[in-house]
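Please treat every number below as a calculation from the coordinates, not as lab data. Just so you know, these numbers come straight off a predicted model, no measurement behind them. Using ideal geometry, Cβ is built from the backbone for each residue, glycine included, and neighbour counts are taken over all protein chains shown.
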Amino acid sequence: MAVTSLKEYIGVARDRVENYGGKQIVYLSWDHHLLFAAPLMLCLPPATPFGEVLRGPLAALLQADPDAAALDWNEVEWLKDNQPFVPDPSLSLAGNGIGHKDQLRFRTPGRNTLLAAA
Amino acid sequence: MSTVFIALQANEETRPIIDAIEIDNPQAVVNRQPAMVKIDAPGRLVVRRETIEAQLGRAYDLQELQINLITLSGNVDEDEDTLTLSWNE
Amino acid sequence: MDMKATKKKLGMKERYRILTRDLGWEPGYQSKKAIFPYVEYEGIKVHDWDKWEDPFRLTMDAYWKYQAEKERKFYAIIDAHAQNNGHLNLTDARYLSALKIFLQAISPGEYAAHKGFARIGREFPGVGTQVACQMQAIDEIRHAQTQIHAMSNYNRYYDGFHAFADARDRIWYTSVARSFFDDAMSAGPFEFMIAIGFSFEYVLTNLLFVPFMSGAAYNGDMATVTFGFSAQSDEARHMTLGLECIKFMLEQDPDNLPIVQGWIDKWFWRGFRVLGLVSTMMDYMLPKRVMSWREAWEIYGVENGGALFRDLARYGIRPPKGWDDAEQAIDHMSHQFMLGLYQWSFGTAFHSWIPSDDDMAWLSAKYPDTFDRYYRPRWAHIKKLKAAGTPFKNYGLARLCQCCQLPCVFTEPGDPTLTCHRETVYKGEKYQFCSDGCKDIFEHEPEKYIQAWLPMPALFSELGGDVAAWMDWVSLRDGADNGDYDGSRDQRHFDEWRGLATSNL
C-alpha cells in the first residue's frame, strides 16, 4: 500500500526534471568536511562538462575550507549512489550518467584540518 | 520505579497547593525553577482537596488546578476529592 | 412515600456523564457509516466508544470558566509588559531569534492543530472524544492568537517580526513544521490523534514548552512566559487526551497494536525532527540558559518517555524505533543546527552569531564528549574567517530531506564526522533523506511524500535561482531581518534604547 487511503490514490512527483527549465539538480558533498553543514545543491544544464562543475561553481563554494587550496581533483575518490564511481571530467553530467537529484560524494583521505581529533 | 510529576506556575495561588502536595506526599521532591515548580514522586502522587483547603483557608474545587498547571506525567485519575498520578509497572 | 430531597450538587462523574454521554443519540434516518465515513479505513477497530473517558471529566461549563480566567491573567500581564518597556527588559536582543523562530514556525503549528482537532472532533463517533477534541480545537486557536498577540509587542521595536505570515507560508525553514502538520492532517483521525495528541503532545511538547518558557522567564521575557504557561496549562489536558486515546485503541482490539506501534515509530521520529531546532534555541539562543538540551532530554525524554513506554509495555507497545538514534543525536544536534543557521543566515528572518568564548566554555562543559572534539574547531575557523574580513557564508544551498524537509545536517549514527546519506528510487525518481527514520517513513507511504514542496529545489524550479527575487517573495528585508547579530540593527537599537532607559542622557 503506497498510502493509507479510502480509495486508490496516486500522487504527483513535485521535483521532476521537466520543472527545471532544461537544468537538473546535483548534490555534492565532501566527506568528513562538515564546515559545510549539509550537502551542497547545484542546478546545472546536463550538458555541463563535469570538469567545469569542479573548477567553477564547486570550487567557489569550497573555498572557505582550509583544505580547499590543496585539493587535487586527480587524487579524489568519488562515490555516486554511495558506491565507488569514476567520473570523466571531460564528459558532461549526462555523459557521466549523473542524473537529476543524484548525490555525489568525494573523499580526500588524510586531509581533515578541521577534524584534528579524528 | 518510574517518576510521576506535576509542574505548577510559581505564584501566590499555587504556594498553598504546593505545601499541600508536600504534606500528602512525603516522598515527593520539590524542584523550584524559574517561574515554575516541578514536583517529582516515585510511582504515585496524590493531590487532595481537603489538604489544599486547610492550607488555603477556603473551599477549593480541584478543577481550579487547571489554571496554574504547567504539565504532568503519569496516568490521571480525578474525582471531587483527589487527583492521582500513577504509572502501572 | 416521602419525597427524596434533591441532591444539592451533582458529583463530578455524574455531571460529566450528563454533559457528554447524553449528547449522543442513535441516528434515525442516516446510517452511522454515512455520518462517520473516516473512522474505519485506517484499520483501527473500536467496539465500544463509551469506554473512552476524559480523566479530568471537564465539562463545557467548567471549561469556559477556567479558560476565561486564563485569558484574564494573560492580558493583565501583556498590558503590563507593553506599559513597562517590556521590550527592554530582556537579557539581550539575541534572545529574540528564538522568538522569531517560534512565531514563524510554531505558532502557525498551533493553528494547524486547531484545524486538525476541529476536524477529528467531527470524525470520531464517541461523544467523550468529540467533546475533548472540541475543547482542544478551541485551545489551539487560543494559543495561536495569544502567541501572535504577545509577540506583536516586539514587532514595534525589532526586525524579523513584521511578516511572520509570509515566512510561515514561504520561507524555507518553516516548511519543516508545515509539512509535519500537513502530514498529520492528511492522515485519518486515529493517526492524527497519535501524531499530535500522543507523540507531539505527550512525548515531546514538554521539551518545547517547559524548559524554554522557564528560559524565557530567566531572560526577562514576561510576554513569552505568559503565553507559554497559559498555553501549557491546556497542555496537561491535551497530553492526557493523547494518552487516554492510545490506551483506548489498544484496549479495544488486539489487532490495533501493530498499527498503533507503526504510528508511534513514525510520529516520534517526525516530532523529534520538527522539535530539533528547540535544541539550538536552548543551547545557543538563550543568553541566560536554564539547562542544556541534553539535560532537558534527560528529564523529559529519557526519564519521562521511559516511564511512559514502560507503562504501555503491558499492551505490547515498545519504545519508538528511532529512540536509540535520537539518543545518539542529542549531543550533536544543537551544534549542527547552529552551524547551519549561521552559514545560511543570509536566508533567515532572524539573526544568528558565533558563540562567544564564554558561550563556548559553557557548551564544552555541557557537552564534554562532543563540543571540543567536533564543533569547537569549526567555530574557531569561522571566527578566524570573520576576523579576516571574509565572514563565512555558504551559498551552496542545502540538500533537504524529502520527508522532514530539514537540511541534511545530521551525521551517520556511530560517526559524527560523516554526513548521513540515504536515498531511494520510487517510480524512476530519486529521493534523498537525512536519516533511516525519514527514509522508512517515505517508503511506507511514498505517494504522500513525493508531493513535498521542498523550498530549496523550488528556488530553482520557480524562481530560476534568483535569491533577491526570493527575498522579496518571502518578505525578507536584506540587511535588516537576516545575517549576523553582530552589527545588526536589532543589536544597535537594543543597546541604544536600553542606554536611554537606564540613564538621563
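Where helices (runs of 4 or more DSSP H) sit wholly within region C:168-229, those with at least 2 residues that are in contact with a helix residue (DSSP H, G or I) (Cβ under 6 Å, 6 or more places away or on another chain) and within 14 Å of chain B (Cβ to nearest Cβ) occupy C:205-218.
Can you find even one residue in region C:382-402 that is assigned to a helix (DSSP H, G or I), of a type in the set (V, I, T) and over 30 Å from C:Q252 (Cα atoms)? Scanning region C:382-402, I find at least one residue that is assigned to a helix (DSSP H, G or I), of a type in the set (V, I, T) and over 30 Å from C:Q252 (Cα atoms), so the answer is yes.
If you go through region C:160-174 and keep only what is surrounded by fewer than 23 Cβ atoms within 10 Å (Cβ to Cβ) and either charged (D, E, K, R) or in contact with a Leu (Cβ under 6 Å, 6 or more places away or on another chain) (or both), you end up with C:D166, C:R168, C:D169, C:R170. Listed here are the helices (runs of 4 or more DSSP H) enclosed by region C:433-496 that have at least 2 residues being crowded, with 20+ Cβ neighbours inside 10 Å: C:436-444, C:446-449, C:455-463.
Among the conditions (1) closer than 30 Å to C:D159 by Cβ; (2) surrounded by fewer than 19 Cβ atoms within 10 Å (Cβ to Cβ), the only one that C:F350 does not satisfy is (2). Residues in region C:25-73 that are acidic (D, E) and within 21 Å of B:I70 (Cβ to Cβ) were compared, and the one that is farthest from the other protein chains (Cβ to nearest Cβ) is C:E71. Residue-level analysis places C:R122 outside the set of residues that are surrounded by fewer than 19 Cβ atoms within 10 Å (Cβ to Cβ), out of contact with any Leu (no Cβ under 6 Å at 6 or more places or on another chain) and touching a residue at least 24 places away in the same chain (Cβ under 8 Å). Looking at region C:401-411, can you tell me whether even one residue there is more than 9 Å from chain A (Cβ to nearest Cβ) and surrounded by fewer than 21 Cβ atoms within 10 Å (Cβ to Cβ)? No, region C:401-411 contains no residue that is more than 9 Å from chain A (Cβ to nearest Cβ) and surrounded by fewer than 21 Cβ atoms within 10 Å (Cβ to Cβ). Can you confirm whether region C:313-333 contains a residue that is among the hydrophobic types (A, V, I, L, M, F, W, C), on the phi < 0 side of the Ramachandran plot and within 14 Å of chain B (Cβ to nearest Cβ)? The answer is yes; a qualifying residue exists.
Residues of region C:211-229 that are touching a Leu at 6+ places or on another chain (Cβ under 7 Å) and over 22 Å from C:F494 (Cα atoms): none at all. Would you check if there is a residue in region B:60-73 being assigned to a helix (DSSP H, G or I), more than 8 Å from chain C (Cβ to nearest Cβ) and in contact with a Leu (Cβ under 9 Å, 6 or more places away or on another chain)? Yes, the conditions are met somewhere in region B:60-73. Comparison of A:A47, A:A13 shows that the only residue that is more than 14 Å from chain C (Cβ to nearest Cβ), among the small types (G, A, S) and either part of a loop (DSSP other than H, G, I, E, B) or in contact with a helix residue (DSSP H, G or I) (Cβ under 6 Å, 6 or more places away or on another chain) (or both) is A:A47. Is it true that C:F371 is in contact with a His (Cβ under 7 Å, 6 or more places away or on another chain) and either within 18 Å of A:L114 (Cα to Cα) or within 13 Å of chain A (Cβ to nearest Cβ) (or both)? Considered against the rule, which asks whether it is in contact with a His (Cβ under 7 Å, 6 or more places away or on another chain) and either within 18 Å of A:L114 (Cα to Cα) or within 13 Å of chain A (Cβ to nearest Cβ) (or both), C:F371 comes out as yes. Could you tell me whether A:I98 is facing chain C (nearest Cβ under 10 Å), within 14 Å of the chain's Cα centre (by Cα), farther than 30 Å from C:G188 by Cβ and in contact (Cβ under 8 Å) with a residue 12 or more places away in the chain? When the stated conditions are applied, A:I98 does not pass them.
Specify the residue that is nearest to C:T20 (Cα to Cα); the eligible residues are those in region C:41-51 that are more than 27 Å from the chain's Cα centre (by Cα) and in a loop (DSSP other than H, G, I, E, B).
Out of the qualifying residues, it is C:D48.
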